[in-house]
Amino acid sequence: MSGMPDSMPPSDSSGLREKSRWVWEQTLRVHRRAPETRLASSLSPVEIFVALYYGGVLRFDSREPLSPQRDRCIISKGHGSICMYPILADLGYFPVAELQKVCQSGGILGGIPDPVIPGYETVNGSLGHGLGVGTGIALALKRTGSDRSVFVVTGDGELHEGANWEAIMLASHHRLDNLHLVVDNNQISMLGNTDKIVTHGSLAARLSAFGWDCAQVNGHDVLAVRDALLQMKGKSDGQPKALIALTKKGHRVPLLEGAELSHVMNPKPELIDSLLESKP
């Protein structure tokens, strides 16, 4: 263990719920200003990222984003992580003023995040590669004797990519218990229901068959997500670990939530305004 700050002090139960609401609202505001961002995909993982960054799970220092003493968080579903912009600004990775310049000339925040943004580890435009990168990092950390952890956040749709399953086999073979996969299982891909395109059946059962320790959770219960992540991180029994978070694409936005084409749908500005004006 190093002397680096162990992330933010864990928020209490009400604090995590309030932060989740705040991130949801800020994500709507970002999309209102930059409609080229993917809103539906960025609303399903809100509670996942709040739990990781405010729940005492990840070790990080926003003053030194690339510190070797940090835990690594690989955000494989980059297009669907615009909700990370307000989180990273709030934590001090970059000025809050950048949130006003998303997808604008002179800003660092684009429609698809990349490593020019402090807090992002990898290029995320081509889906299906984050888990392979994370597996390689986890293996390197193991071999250098580091006690740091690696978290990889993917969508369920990108698990159709075969490279993920190569990484899943490799991680099990090398007993990478410092590797944690978090699946934003919102059940909708770009052009329809994920299981209608290529069914996963039970992701937990499939991952377990490859030697992974799997759990499942309501992905919109931030306290349950936080507790599951901490429990997962606390295990060191030679198995890579996966948390299947059951979520809803376009969460809490009428006409968007659960719509088969929500990936490419933009709510009208008036609807966003009314949602932001309503009380929780």
- Note on the structure: In the chain the accessible area split gives carbon plus sulfur, as whole percent at 1.4 Å, a share of 53 percent
- Item | Accessible surface of VAL116 - all protein chains present, 1.4 Å probe, nearest 10 Å² | 90 Å²
- Query: Using the Cβ atoms and a cut-off under 14 Å, what net charge is assigned to the surroundings of LYS235, where Lys and Arg are +1 and Asp and Glu are -1?
  - Reply: -2
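With n ≥ 4 as the cut-off for DSSP H runs, can you work out [θ] at 222 nm for the chain, using -39500 (n - 2.57) per run divided by the number of residues, rounded to the nearest 500?
The per-residue figure over the chain is -10500 deg cm²/dmol.
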- Restricting to the chain, what percent of DSSP beta bridges are antiparallel, rounded to 5? 10 percent
- Roughly how large, in nm² to one decimal, is the mean projection of the convex hull of the alpha-carbon atoms in region 197-244? 3.9 nm²
- Scan the chain and hand back the longest stretch that contains none of the GluC sites (Glu not before Pro) lying in DSSP loops with at most 15 other Cβ atoms within 10 Å. 37-259
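Please list the helices of the chain that count as membrane-span-like by this rule: a mean Kyte-Doolittle hydropathy of at least -1.0 together with Cα atoms stretching 27 Å or more along the helix axis, each helix being a complete DSSP H run.
Working: long enough: 13-33 (31 Å, -1.40).
Taking the DSSP H segments of the chain (at least 27 Å long, mean hydropathy at least -1.0), we get none.
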- Once you mark the trypsin sites (Lys or Arg not before Pro) that are in a DSSP loop and have at most 12 other Cβ atoms within 10 Å, what is the longest gap between them in the chain? 64-234
- For each pair in LYS77/LYS142; LYS101/LYS248; LYS241/LYS268, compute the distance between the two Cα atoms and list the pairs where it is over 31 Å. LYS241/LYS268
- Query: For region 1-147, what is the accessible area per residue in Å² when the probe is 1.4 Å?
  - Reply: 39 Å²
- Which cross-chain or sequence-distant (5 or more) residues have an amide H under 5 Å from the amide H of GLN216, H modelled 1.01 Å from N in plane? ILE244
- Per residue convex hull volume, Cα only, the chain, in Å³ is 114 Å³
- Message: Amide H of ILE188 versus every other amide H placed in the peptide plane: which residues, excluding those fewer than 5 positions away on the same chain, fall under 5 Å?
- Response: THR194
- Message: Compute and list, largest first, the equivalent-ellipsoid semi-axes of region 1-145 from the alpha carbon gyration tensor, each √(5λ) rounded to a whole angstrom.
- Response: 24, 19, 14
- Item | Summed side-chain charge close to TYR93 - residues other than TYR93 whose Cβ falls under 11 Å, Lys, Arg +1, Asp, Glu -1 | -3
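The values are calculated or read from the model by the stated rules, or taken from the named source; none is laboratory data. Model, not experiment: these values are computed from the prediction. When we count neighbours, we look across all protein chains shown, and the Cβ atoms used for this are built from the backbone with ideal geometry, even at glycine. Ligands, DNA and RNA are excluded from the accessible area calculation, which covers all protein heavy atoms including side chains. Shrake-Rupley method; radii C 1.70, N 1.55, O 1.52, S 1.80 Å.
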